[in-house]
Amino acid sequence: MLAGLIRRGLDIVGLLALAMSLAHAGETGASADRNWGNGSWRIDTEHLFGFLIGTDVGEVGDKEMEAEVAGNLGKQGGPYTALFPSLEYEFVPIANLRLAPTVFSAYHNMSGVADLDNRHQFALAGASFDARYRLLDRSQWGFGLAVNAEPHVGFVDETSGQWVNNYGVDFALALDRELVPDRVATVLNLLYQPETSRLHATGAWERDATAGIGAGLMTQVAPGVLIGAEGRYLRKYGSVGLDNFAGQALLVGPTLYARLNGRLWMIAAWSTQAAGRTVATPGALDLTNFPRQQAKIQFGLEF
């Protein structure tokens with residue numbers, strides 16, 4: 001499963017290579033290189049973390065293309081893989097505001113998984129529009145504060161791969177701080193993700209929500225290269241009002257950020273479910289509402 005995820009990540013590198021070929025070859029890229037100086041790289045938390053977000057949003061006029069493959073791996077009873085390749089265009093129209101429309105697809109491969117039909121399919125899965133606004137600039141206040149909202153519409157259920165009409169919004173409140181300037185950065189996220197879906201097979205509507213808290217720490221080990229770890233405690237509810245508790249999970253794992261050159265960067269992250277519990281079935285983990293493992297590889301090109 002991991003090998004398949006890596007192969008799909010490498011396919012996305014090809015997309016970025018095509019995008020780079022369309023970029024202005026003679027452009028100096030002063031804005032893209034603004035974080036380099038005196039042989040070191042000044043920390044920018046906009047894309048620094050794996051499954052969490054920082055409070056930096058870039059400068060007015062910045063534009064990026066981002067390609068990502070995120071994956072949910074492992075369920076109870078049999079092999080389970082769900083991959084979500086996506087392509088995002090990001091821009092900063094005014095100070096402190098970052099906007100990013102995204103299109104994403106879904107690949108599901110599962111057999112013998114409890115409560116899920118066997119499935120092997122690839123489909124266009126939906127679109128989203130991400131808006132992040134920075135309320136406090138870390139360079140002025142000593143810590144950063146930002147709010148993020150990402151409404152999305154989907155055609156494929158993320159877990160089962162069934163055809164659905166899905167509508168939701170991912171909300172996040174992000175705080176970050178540099179514990180050691182340009183060396184060590186930490187982040188805290190508060191998360192709330194309500195969703196509603198109509199199953200094509202039955203016509204029934206389902207409503208649920210995920211809420212949680214996440215924290216991460218990244219350390220610069222070489223100019224533009226940072227390693228660290230993240231942890232997320234997530235709770236699943238059978239309603240958007242957080243009044244029908246279904247299960248919980250603690251996901252932890254390592255994260256890598258690397259600035260490949262003045263314009264190109266990458267993120268790789270992995271999380272495993274270290275603890276969990278579901279209301280429906282006994283066990284040490286919640287493999288009904290959450291995967292056993294999550295993975296992500298992302299590439300960004302600034303232009």
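Each value in this text was obtained by applying a stated rule to the coordinates, not by laboratory testing. Everything numeric in this text was worked out from a predicted model, so none of it was measured. Quick reminder, even Gly has a Cβ in these numbers, built from the backbone with ideal geometry, and neighbours come from all protein chains shown.
Across region 54-64, coupling constants 3J(HN,Hα) worked out from phi with the 6.51/-1.76/1.60 Karplus curve, θ = phi - 60°, read x, 9, 5, 10, x, 9, 4, x, 5, 9, 8 Hz, and Gly and Pro carry x. What residue among A100, A70, A222 has the largest mean-square fluctuation in a Gaussian network model of the chain, using Cα springs under 10 Å? So, out of A100, A70, A222, the one fluctuating most is A222. Working note: Karplus 6.51/-1.76/1.60 with θ = phi - 60° gives region 109-120 the couplings 9, 8, 7, x, 7, 4, 6, 10, 6, 4, 7, 9 Hz, where Gly and Pro are set to x.
Which shape class applies to region 50-92: rounded if a/c is under 1.5, otherwise prolate when a/b exceeds b/c and oblate if not, where a ≥ b ≥ c are the square roots of the Cα gyration tensor eigenvalues? Oblate. Evaluating 6.51 cos²θ - 1.76 cosθ + 1.60 at θ = phi - 60° for every residue in region 211-222, the Karplus couplings come out as 10, x, 9, x, 9, x, 9, 10, 10, 7, 9, 7 Hz, glycine and proline recorded as x. Based on C-alpha pairs under 8 angstrom that are at least 6 apart in sequence, region 148-303 has a relative contact order of 14 percent. Multiplying the residue separation of A275 and L199 by 0.36 nm and subtracting their alpha-carbon distance yields 24.3 nm. Here Cα extents along the principal axes in Å was calculated from the structure, and among (i) 88, 52, 35; (ii) 57, 39, 33; (iii) 91, 43, 32 it sits at label (ii).
Between the amide H of D182 and those of I43, distances stay under 5 Å, these residues lying 5 or more places away or on another chain, with hydrogens modeled in the peptide plane. Highest GNM mean-square fluctuation among H47, H152, H200, for the chain modelled with Cα contacts below 10 Å: H200. Under a Gaussian network description of the chain, with springs only between Cα atoms under 10 Å, the residue in G112, G74, G228 that fluctuates furthest is G112.
Straightening the chain between F129 and R207 buys 26.0 nm, computed as 0.36 nm per residue apart minus the Cα-Cα spacing. Using the rule -39500 (n - 2.57) for each DSSP H run of four or more residues, divided by the residues of the chain, the 222 nm mean residue ellipticity is -2500 deg cm²/dmol.
With charges set only on the Cβ (+1 for Lys and Arg, -1 for Asp and Glu), what does the dipole of the chain come to about its Cα centre, in debye to the nearest 20?
On the way: 23 positive and 31 negative charges, 122 e Å.
Roughly 580 debye, rounded to the nearest 20.
Put simply, the amide H of D130, placed in the peptide plane, has neighbours under 5 Å in A100, T102, leaving out anything fewer than 5 places away on its chain. Check the straight Cα-Cα distances from K75 and name the lysines below 17 Å, setting aside those fewer than 8 residues away within the same chain. Partners found: K236. If the chain linking A222 and D243 were pulled fully straight, counting 0.36 nm for each residue of separation and taking away their Cα-Cα distance, it would gain 2.9 nm. Close amide-amide hydrogen proximity is noted between G78 and A114, each under 5 Å apart and 5 or more residues distant or on a separate chain (H modeled in the peptide plane; Pro and chain starts excluded).
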